[in-house]
Amino acid sequence: MNTEMVKNIFIGISLLELVLLVFFLLRGRGERARLQGKIREVEEEDRRHREEMKNLRHEGSKLKKELETAKSQLMKFGSRMIILKNTADAMVSTFDRDQILDALMDTLEKNFDVSAGFFLAYDKSSETLKAEKGIGIEPEVLAGIVNRIDEGIVGRAMEDGNLISELDYELDYNLKETFQQSENPVILAIPLKRGEEKIGLIGVKEFSRRDFSETDARFLALMANFVTLALKNANLFLTVRMQSITDGLTKLYNHRYLQQFLRKELDRSRRYGAKCSVILTDIDHFKNFNDVYGHQAGDFVLAQTAAVVKRTIREVDLAARYGGEEFCVVFPEIEKDKAFIAAERVRKAIEAADYDWDGQILKVTTSIGVACFPEDAENETELVKKADAALYIAKETGRNKTVLSGDSE
């Protein structure tokens, strides 16, 4: 083999090696690119997986918070339901208006975090709402709270019959303006109505916490229904009771209740060593009113005279229709001489009154007898008898006068 051939063979082998080298280099680069692509795919898959896990953890955390919130709301709901039940039980167990309103105020303060609020009672005669009970408000301030039925947020709530809260002010500009202009602004007004019948309104001026919610508002509205029913029942009970102890014509207490009251008052007087006086008053020439003007005029005179008696005596005194045209007044803790002064005040007030009967002015006078426990009698029966005896002397000696028991003997 000559040198030229060996050289060509060597060059051929070198070219082959170079081709193989290029081939493997190119193949390696493609494989490397493929592997890098796979790596990128794996990395992308891993990134997506991590993102999904992150989202799942976020959703899990969010769900946990929602579950905790739901649990808290459920527990709060259960707690509120227990509160409502206890409040309802307290209210239906009594017909006493004060006890019902005390239970309401206690619930508002302890369970709904009301730091300042009140109950306004509806007064039909004046078409106003007047404060009757309150919390966190000075008594003298509470006594001065009077709201016209058509005034401010309170009036708006009573008119619509719906709860109004500060949450509504942000949604209704007119409502917010009404709140800002109200003389008696409240951040929560809950009307108490039964159909068209107005009972009153619960007003909240301030909460001790600021997380009051729509749920709280709904519970308060539900509680207001219990309060409405309880107060309506109390009013009905009071009406029935008053009918049973009140004279229908004169609106004074009747004879039966007078006897019960006088018996208790004398028991109290014995216990504390106090005096107790009674007066019996009889309308002079009452039969003439019936004969001249008719029995309706007679009834009118009785009713007008009863009204004069009632507004002339103290709140602690008790006026009753004793029978026919006779009235009896009990003066607790009043001595005989002071009872005489009070009796004269009643007599003069009746004498000065003008009774307008169908355009005609009727004038009335009365005769009065006065007796005092224990100096004139030891029990209620004898006490009234002594006053009646003094009344008889007043009639027999000229009428339109007051006579003390003992002066007739």
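Every read-out reported here was derived from the displayed coordinates using simple, explicitly stated rules and does not represent laboratory data. A quick note: this is a predicted structure, and the numbers were derived from the prediction, not measured. As a convention, Cβ positions derive from the backbone with ideal geometry for all residues, glycine included, and neighbour counts pool all protein chains shown.
Counting other Cβ atoms within 10 Å, keep those with at most 14, restrict to DSSP loop, and tell me which trypsin sites (Lys or Arg not before Pro) in region 302-385 are left.
Answer by residue number: R314, K363.
If the chain linking E315 and N233 were pulled fully straight, counting 0.36 nm for each residue of separation and taking away their Cα-Cα distance, it would gain 26.9 nm.
Spatial offset of region 372-386 relative to region 167-246 amounts to 50 Å, using the alpha carbon center of each.
The Cβ shell under 14 Å around N147 holds other residues with a net charge of -2, Lys and Arg each +1, Asp and Glu each -1.
Along the Cα-to-C-beta direction of T365, a point sits 7 Å from the Cα; which residues of region 273-301 have their amide N less than 20 Å from that point? Of the residues in region 273-301, 280-293, 298, 301 have backbone N under 20 Å from the label point off T365. With each label modelled as a point 7 angstrom along the Cα→C-beta vector, the A143-R50 pair spans 7.6 nm. Working from label points 7 Å from Cα in the Cα-to-Cβ sense, the I341 to D291 distance is 4.0 nm. Once the Cα-Cα distance is subtracted from the 0.36 nm per residue extended length, the M5 to T381 segment shows a gain of 118.9 nm.
Here the gap between D150 and D89, fully extended at 0.36 nm per residue and compared with their Cα-Cα distance, gives a gain of 18.6 nm.
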